[in-house]
Amino acid sequence: MSEAGAEALLTVDGIGKRFRGVVAVKDVSFTVAPRSVLGLIGPNGSGKTTLLNIVNGVLAPDQGEIRLSGAVTTGRRPSDLAALGVARTFQAARVFSTLTVTQNLFVPLLHQRALERRAAHRRALELLAFVGLERHADRVASELSGGQQRLLEFARTLVTRPKIVLMDEPFAGVHPQIKATLIRCIRETVAAEGASFLIVSHEVPDLVAMSDRMVCLVEGAVAAWGLPADVIREEKVIDGYLGRSEEAA
Amino acid sequence: MLTHVLSIVADGVLLGLIYAITGLGLSLVLGVMGIVNVAHSAFVMLGSFLAFELFRRFGVDPVVAFVLALPVFFVLGIVVYRVVITRVQSAAQTQGLVAMFGLMVLIENLGTIAWTTDTRVVTASYTNASLVLGGVVLPHVRLIAGGLALLLIGGVWAFLRFTLTGRAIRAMGQNPEAARIVGVDIARLSAVMFGLGIACAGAAGVALAMVFPFSPNTQVVWLAWAFLVVILGGLGSVASTLAAGIAVGLIQSVCTAVMPFDTVYLVLYVLLAVILTVRREGLSRAVRRTI
């Protein structure tokens, strides 16, 4: 499954994964275009997080291939993929709790050259302002609220100018203001830096509004892939995930 | 009377600084990497014999040996990490423990072959000299060994706090998965961390050799001291390890002054049992998984 004429940034090609005989993901294929947002939806247990884990190298697929800008990345380590431009956030923000907010942003710079590192230091401070955490720069990360930790984790993914950011449930359980900040930051990052986003979320209306394309997984397989408005009208998506409203029924 | 008390306290603090670096590497490796390195004390023993051989063969002062021990044992630690730890890190916890125990036995036996079980001492020119301050007697060797230990502790603390690598090590200790995903090369950093732990062990061995007689078998006693400091101080915190080392030094110093020497160890280990019962997370309230 790929769009004719568009050179994909990320290609997920025929990915399959089993856990002790249970099929988690089966023959999943889709692409993410450069400078775009792809929303990944589906019911709990449909394989969304497993797929993210495969894309960023935490899990190895049983079959299929992942390509980044045409180069095969299947089987590469997460730290190698980070260096190639794949960043990731988690369902529960994973900040380094005893480091300060600024120090959290410096951790991804460890293996960069000194010159790049100096520029990245400046960028880290700019990113704090970008996500609205500049007043908290010297606070220990554990002192931040859950929503602020999510913003910090998001800013940390951007420090090294990734090509694609994988976000797992970024809007779950956060204050509407934090959610609005995240959506603004994602849109501005796509527009200003040309990064792409692959976002897993149950907040379908938000995802429909911000995504260029959507994929719906049901029972580990692709139920629909395409324009958001088309995907949410697909029978398989309605039956397998969204359900029908009472009026429609 | 006051002079006597001050002497006991000074002695305890200086000893405590040496105990702190004896436990420091063990605490960091256990706290950050989750590796129970029971071979830690074998490297401490090798550090003592490095000081002994350098002094005996070339007349190298133990202070110089202390400085030399750091890079030598750092490299040794990285070799051990690559050869042993990487093979057992993902295996069951017991397998890792048995491997490190085997390494400890191997090093001790090689030590016995090389140096026999005879007790050795390193007698520098200042070994028997003392500084007397207001009636308080401070032996030069303890002052120098304690000072070197304090410098090393300060250096390790500054490294972990102010350098990018140090902060990444702390990040790895808190959340290895997240550290890996933000691009930290966990294997490389783990090797550095283990090397640092062994470097601390080697330097501690030199400091201990300045103060105590030793033989290859003494390492078992030092392992107990190191674990005592780690259990009291908790895992992975330099400041808590320093506090725990000084506490152990003071307890030993006071007990030695007021009761028969044979009962000192008894008191320490009863205290240890009480601490483990009442406050199993140690002074710093830090508990962590182990491999």
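The values are calculated or read from the model by the stated rules, or taken from the named source; none is laboratory data. What you see is a predicted model; the values in this text were computed from it and never measured. Positions of Cβ are backbone-derived with ideal geometry, glycine not excepted, and every protein chain shown enters the neighbour counts.
Each residue in the range A:66-84 was checked for being more than 10 Å from every other protein chain (Cβ to nearest Cβ) and not β-branched (V, I, T), and 7 of them qualify. Restricting the first member to the range A:182-207 and to residues that are in a helix (DSSP H, G or I), and the second to residues that are among the charged types (D, E, K, R), the beta-carbon pairs closer than 6 Å and six or more apart or on different chains are A:V190/A:R35.
The sole residue among A:L84, A:L105, A:L9 that is among the aliphatic types (A, V, I, L, M) and in contact with a Pro (Cβ under 6 Å, 6 or more places away or on another chain) is A:L9. B:A168 meets all of the listed conditions (1) crowded, with 24+ Cβ neighbours inside 10 Å; (2) more than 9 Å from chain A (Cβ to nearest Cβ) but one, namely (2). Being more than 30 Å from A:F96 (Cα to Cα), assigned to a loop (DSSP other than H, G, I, E, B) and in contact with a helix residue (DSSP H, G or I) (Cβ under 8 Å, 6 or more places away or on another chain) is a condition met by no residue of the range B:138-153.
Every condition in (1) buried (at least 17 other Cβ atoms within 10 Å of the Cβ); (2) in a helix (DSSP H, G or I); (3) at pLDDT below 90 is met by B:G77 except one, and the failing one is (3).
Within the range A:208-230, the set of residues being free of Cβ contacts under 8 Å to residues at least 40 places away in the same chain and part of a strand (DSSP E or B) comprises A:A224, A:G226.
Within the range A:94-129, the only residue that satisfies the criterion of being surrounded by 21 or more Cβ atoms within 10 Å (Cβ to Cβ), more than 10 Å from every other protein chain (Cβ to nearest Cβ) and either modelled with pLDDT under 90 or over 17 Å from A:T157 (Cβ atoms) (or both) is A:A124.
Against the condition surrounded by fewer than 22 Cβ atoms within 10 Å (Cβ to Cβ), away from every other protein chain (no Cβ under 12 Å) and among the aliphatic types (A, V, I, L, M), how does B:A191 come out, does it pass? Spelling it out, B:A191 is indeed surrounded by fewer than 22 Cβ atoms within 10 Å (Cβ to Cβ), away from every other protein chain (no Cβ under 12 Å) and among the aliphatic types (A, V, I, L, M). Return yes when B:F162 is of a type outside the set (V, I, T) and without any contact (Cβ under 8 Å) to a residue 12 or more places away in the chain and no when it is not. Here the answer is yes, as B:F162 does meet what is asked. Going through (1) touching a strand residue (DSSP E or B) at 6+ places or on another chain (Cβ under 7 Å); (2) more than 28 Å from A:L59 (Cα to Cα) one by one, A:T74 falls short only on (2). Within the range B:261-291, work out how many residues are outside any helix (DSSP H, G or I) and either among the small types (G, A, S) or modelled with pLDDT of 85 or more (or both). Looking only at that region, the number is 3. Which of the residues spanning the range A:50-86 are exposed (fewer than 15 other Cβ atoms within 10 Å of the Cβ) and of a type in the set (G, A, S)? Those that are exposed (fewer than 15 other Cβ atoms within 10 Å of the Cβ) and of a type in the set (G, A, S): A:A60, A:G70, A:A71, A:G75. What about A:G173, is it modelled with pLDDT under 95, on the phi > 0 side of the Ramachandran plot and more than 15 Å from the chain's Cα centre (by Cα)? So A:G173 fits the description; yes.
Across the range A:107-151, the number of residues qualifying as touching a residue at least 12 places away in the same chain (Cβ under 8 Å), in a helix (DSSP H, G or I) and of a type outside the set (A, V, I, L, M) comes to 11.
So for the range A:147-154 (the condition being crowded, with 18+ Cβ neighbours inside 10 Å, of a type outside the set (A, V, I, L, M, F, W, C), within 16 Å of B:L164 (Cα to Cα) and at pLDDT below 95), does at least one residue qualify? Checking the range A:147-154: not a single residue is crowded, with 18+ Cβ neighbours inside 10 Å, of a type outside the set (A, V, I, L, M, F, W, C), within 16 Å of B:L164 (Cα to Cα) and at pLDDT below 95. From the list B:T123, B:T86, B:T163, the lone residue that is under 17 Å from B:F49 (Cβ atoms) and β-branched (V, I, T) is B:T123. If you go through the range A:26-59 and keep only what is within 14 Å of another protein chain (Cβ to nearest Cβ) and either small (G, A, S) or within 15 Å of A:A172 (Cβ to Cβ) (or both), you end up with A:T49, A:L52, A:G57.
Note on the range B:102-135: residues that are part of a helix (DSSP H, G or I) and surrounded by 16 or more Cβ atoms within 10 Å (Cβ to Cβ) total 6. Summed over the range A:2-17, the residues that are at pLDDT 50 or above and either basic (K, R) or on the phi > 0 side of the Ramachandran plot (or both) give a count of 2. Each residue in the range A:184-194 was checked for being modelled with pLDDT under 95, aliphatic (A, V, I, L, M) and within 16 Å of the chain's Cα centre (by Cα), and 0 of them qualify.
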